[in-house]
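The values are calculated or read from the model by the stated rules, or taken from the named source; none is laboratory data. Keep in mind that this is a model prediction, so the values were computed, not measured. Please note: Cβ atoms are built from the backbone with ideal geometry, for glycine as well, and neighbour counts cover all protein chains shown.
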Amino acid sequence: MVTETHQHEDEIYSTMFTSLKHPVRRKILRMLGQKPMTFTEIVGELEISSPNLTYHLESLGELVYKMDNDRYKLSAFGHATINAMKSIEEVREVEPKRRTVTSRWRMFSIGLMVAVILLASFAALQSNSINQLASVQQSLTTEIQRLQAYGAGSDKAFGFLKNVTKLDTTAYAFSLVDNDVITRPDLGGMAEENIEYSLDDGHLNRVNVNLRFFNNHFSRYDLLVTESTPLFGQPQPTEVLQNAKFTLARYKAYSGDDYLTKMSNMLDSVSRVENNKEVIDGNLKLIIYTDAWSVRFTWMYTENGIDYQTKGLQMLFQSNILTLMTDGYFQYTIGNANLAISRDQAIDVAKNYVKTLTYNIEGQPVSGFIVQNEPLLSVQQVPHTRGNSVALYPYWYVQLKLNQIYSGGLNVVTVGIYGDTSAIADVQLIAV
């Protein structure tokens, strides 16, 4: 228990440090320190894009939380971070004043014993300040070295945009909106780099792209088209299946990962796009989903009837334009593929646990929850990591309807259960 507590504290401190480094996140904390605000209000105040704000809110982690009225508010950790910011700013304001006072005493109190004492005191203060500055400088130097060591940088990002998405990088003026690197202790200490660019062709045609890399390996691409159709460096296939095949082939050339060969072969075996079409080859499954506006190609690792969606690759085409691509296949391992409890057993485990549950609602402990037998909202098998690792384990996610509505509209309880051990991993009350 002590180890878990210390790990949680480390994550909080890491989030606080990361938040204080970024001016946008510092401004969000100051704004929420004044009053709770909605997502729209924050976007309007900061004048940034919605995806950019979503990224920053996610990066703030437990420093902020969303209330039932859809307003964001500082948590206790958020208020502690605000206090830390104020302390830093007060020190910056006070130090120049101290130096000014020291100079005046040197000018007007030469020869006086009191001046000698004061000068000695201020000398001690200055020495302490110098030591603090040296310590800060050393920390910044270490941080810069870490960023340089792990950062994917513009070459990796531009290489993906030019060679995989085939965006016409020569037609746009690129503006770097954000570039942040953090260490993910929950993923075995992986370095996560997030890069966001705003692209403008000079004719009021703008697009935004977000890219994510883990340990310098591509992980995610998001394209946000705000005002126009993206410009490509070469004509794009008019048929989405051919577009997907070409895109995957280009990504294989860019990445060089062996598993992409098998994925390409599976896609090559598909002759036409059909909703919920499945192709299985050993421990790899391809599923194609379609609707009126989009087509999603999803590969995932599968074993013993369990689909490990996180260990997979997906491409989403909207109006035949690649707007989302993710690759987590390289990132995750399989910790266990043995399912010890069935779907019905998971439901029973969840129901029995809820009977004993005590849950804080608006700061007050509440117990005596009763689950409705019907309707059963949802039971899903979504493999999940355990501890600070990248190993995936069977995981049941059960949603149950409560027999009454609690404060804030809470009427559904969700229970996460590890399928190989029956251990409860997470419980939440939500409003549906």
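Listing for the model above:
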{"item": "Filter pass, L400 being outside the structural domain of G188 (by TED's automatic domain parsing), in contact with a strand residue (DSSP E or B) (Cβ under 9 Å, 6 or more places away or on another chain) and among the aliphatic types (A, V, I, L, M)", "result": "yes"}
{"item": "Residues of region 162-180 classified as in contact with a helix residue (DSSP H, G or I) (Cβ under 6 Å, 6 or more places away or on another chain) and either closer than 19 Å to T326 by Cβ or aromatic (F, W, Y) (or both), total", "result": "3"}
{"item": "Check on S319, within 30 Å of F160 (Cα to Cα) and at pLDDT below 95", "result": "yes"}
{"item": "Total residues in region 261-283, condition assigned to a strand (DSSP E or B) and touching a strand residue (DSSP E or B) at 6+ places or on another chain (Cβ under 6 Å)", "result": "3"}
{"item": "Flag if V270 is of a type in the set (A, V, I, L, M, F, W, C), assigned by TED's automatic domain parsing to the domain that holds V181 and either surrounded by fewer than 12 Cβ atoms within 10 Å (Cβ to Cβ) or in contact with a helix residue (DSSP H, G or I) (Cβ under 7 Å, 6 or more places away or on another chain) (or both)", "result": "yes"}
{"item": "Restricting region 212-235 to residues that are among the polar types (S, T, N, Q) and buried (at least 16 other Cβ atoms within 10 Å of the Cβ), the residue that is nearest to T298 (Cα to Cα)", "result": "S219"}
{"item": "Residue list for region 344-370, restricted to those being among the hydroxyl-bearing types (S, T, Y) and exposed (fewer than 11 other Cβ atoms within 10 Å of the Cβ)", "result": "T356, T358, S367"}
{"item": "All positions within region 378-428 that are of a type in the set (K, R) and either assigned to a strand (DSSP E or B) or free of Cβ contacts under 8 Å to residues at least 24 places away in the same chain (or both)", "result": "K401"}
{"item": "Candidate set from region 1-55 (those that are surrounded by 15 or more Cβ atoms within 10 Å (Cβ to Cβ) and small (G, A, S)); member that is modelled with the lowest pLDDT", "result": "S14"}
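Rundown of residues vs (1) assigned to a strand (DSSP E or B); (2) surrounded by fewer than 18 Cβ atoms within 10 Å (Cβ to Cβ); (3) in contact (Cβ under 8 Å) with a residue 24 or more places away in the chain, yes/no style:
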{"site": "I287", "(1), (2), (3)": "yes, no, no"}
{"site": "F297", "(1), (2), (3)": "yes, no, yes"}
{"site": "Y301", "(1), (2), (3)": "yes, no, yes"}
{"site": "M315", "(1), (2), (3)": "yes, no, yes"}
{"site": "L324", "(1), (2), (3)": "yes, yes, yes"}
{"site": "A340", "(1), (2), (3)": "no, yes, yes"}
